[in-house]
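Trainee: Quick one: the structure is below, questions incoming.
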Amino acid sequence: MADHDGSYKNLFSHTRMIQDLLTGFVQADWVCRLDFSTLEKANVRTVGDDLRQREGDLLWRVRLEGFWLHILLALELQASVDGAMPERMVDYVISSYRDLRKSGAIKGTVLPPVVPIVLYRGRDPWSVPLDIHDCIPQVPGLEPYQPHMRYMLLDVNALAESKILEKRNLAAALIAMEKSRSPETLRHLINRVEQWLRTPEDASLRRAFSTWLRRVLLPTRMPGIVLPELTNLNEEQDMLEDMVEIWRKELREEGWNMGRQEGRQEGRQEGRQEGRQEEAAAFLHRLLQRRFGPLPGWVSEKIHFAEPETLEEWGDRVLDAVTLEELFS
């Protein structure tokens, strides 16, 4: 998780990623009025009440028609929904104002506007109110004293990236890579990002993508395979192709496809057919353990009673499926 959080923060520490995230996925008129030539990190160090720096939060500022607009991006990388997010975001915004005042960016009573954005990557649907006011029971006469603050939720799983990819949007490419379900799709996306990041000034962002691919995305798609230290996306693309071929070669060498055509020939002995089925079932079981860890009992039962052709079909899905339920669906 440390590599995951750090790699994601590294990617969104680049101005181009923030700009592409806003222009690609924030459907608001004010985004069109931003002067992205002024986009920069706010020169503050955001620290919580427990005196620990919040590594997942990034504070940016950009000029909007004569004044500074601050963008607070919270990277919510956990798999489950956080019920405390409304008060957390209030705390983050207040802490940002406090830090801006300490840095001298705020003087007097005028506060710059802050847009809090939560980038959520979990699989469960977001079920938490977007405004802290909706978390508080409404008591007649007390409404004026209750806080209001809404945060913007960008749910990665709900974002549609297909049209955005046509506009050379790197944030959309990142999301599409995470959603990819085949090595071919992933290679295509890596190639597009490599083409978009060829200038010398893009070297840092290119390395950030390469680090995220090697340390986060590819290990989840090809567990157990040791990935080499690479420095650019060209090498990542070549390595991905090589690793996929190694995986498929391993399947063949283990006998996964052994006798596939022979099994269709007349006169195949029943004992040989049963032996092939047992071998395929045992190998699929080992492969799923390597991919997903300890297996529940229902998986072993499905494998035990499956036909060889069904076992082979499930084996073809191992590289692409994210969960066991998806693989067996």
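Trainee: Can you name the residue in the stretch 169-184 that is outside any helix (DSSP H, G or I) and modelled with pLDDT under 85 and is also most open to solvent (accessible area, probe 1.4 Å) among such residues? Break it down stepwise before answering.
Mentor: First, the residues of the stretch 169-184 that are outside any helix (DSSP H, G or I): 169, 180-182.
Subsequent filtering for residues that are modelled with pLDDT under 85 retains 180-182.
Working: SER180: 5, ARG181: 94, SER182: 30 Å².
For the stretch 169-184, the residue satisfying everything is ARG181.
Trainee: Can you find a residue in the stretch 74-82 that is in a loop (DSSP other than H, G, I, E, B) and under 27 Å from GLU40 (Cα atoms)?
Mentor: yes
Trainee: Give the residue that is modelled with the lowest pLDDT, with candidates limited to residues of the stretch 138-166 that are of a type in the set (Gly, Ala, Ser) and in a loop (DSSP other than H, G, I, E, B).
Mentor: ALA160
Trainee: Next question. Within the stretch 205-245, track down each residue that is assigned to a helix (DSSP H, G or I), modelled with pLDDT of 60 or more and exposed (fewer than 13 other Cβ atoms within 10 Å of the Cβ).
Mentor: The one that is assigned to a helix (DSSP H, G or I), modelled with pLDDT of 60 or more and exposed (fewer than 13 other Cβ atoms within 10 Å of the Cβ): THR220.
Trainee: Kindly list the number of the only condition in (1) open to solvent by less than 60 Å² (accessible area, probe 1.4 Å); (2) in contact with a strand residue (DSSP E or B) (Cβ under 8 Å, 6 or more places away or on another chain); (3) not aromatic (Phe, Trp, Tyr) that fails for ARG150.
Mentor: (1)
Trainee: If you take the residues of the stretch 255-299 that are assigned to a helix (DSSP H, G or I) and of a type in the set (Lys, Arg), which of them is modelled with the highest pLDDT?
Mentor: Once the filter is applied, the top-ranked residue is ARG286.
Trainee: For LEU51, which of the numbered conditions (1) open to solvent by less than 20 Å² (accessible area, probe 1.4 Å); (2) hydrophobic (A, V, I, L, M, F, W, C); (3) at pLDDT below 90 fails to hold?
Mentor: (1)
Trainee: As an exercise: evaluate ARG88 against (1) in contact with a strand residue (DSSP E or B) (Cβ under 9 Å, 6 or more places away or on another chain); (2) assigned to a loop (DSSP other than H, G, I, E, B) and give the number of the one condition it does not meet.
Mentor: Against the list (1) in contact with a strand residue (DSSP E or B) (Cβ under 9 Å, 6 or more places away or on another chain); (2) assigned to a loop (DSSP other than H, G, I, E, B), ARG88 comes up short only on (2).
Trainee: Tell me which residues, restricted to the stretch 300-329, are outside any helix (DSSP H, G or I) and among the charged types (D, E, K, R).
Mentor: Matches in the stretch 300-329: GLU307, ASP320.
The values are calculated or read from the model by the stated rules, or taken from the named source; none is laboratory data. Computed from a predicted structure; not experimentally measured. Here the Cβ is made from the backbone with ideal geometry for all residues, glycine too, and neighbour counts use every protein chain on show. The accessibility values were calculated without ligands, DNA or RNA, using every heavy atom of the protein model including side chains. Shrake-Rupley method; radii C 1.70, N 1.55, O 1.52, S 1.80 Å.
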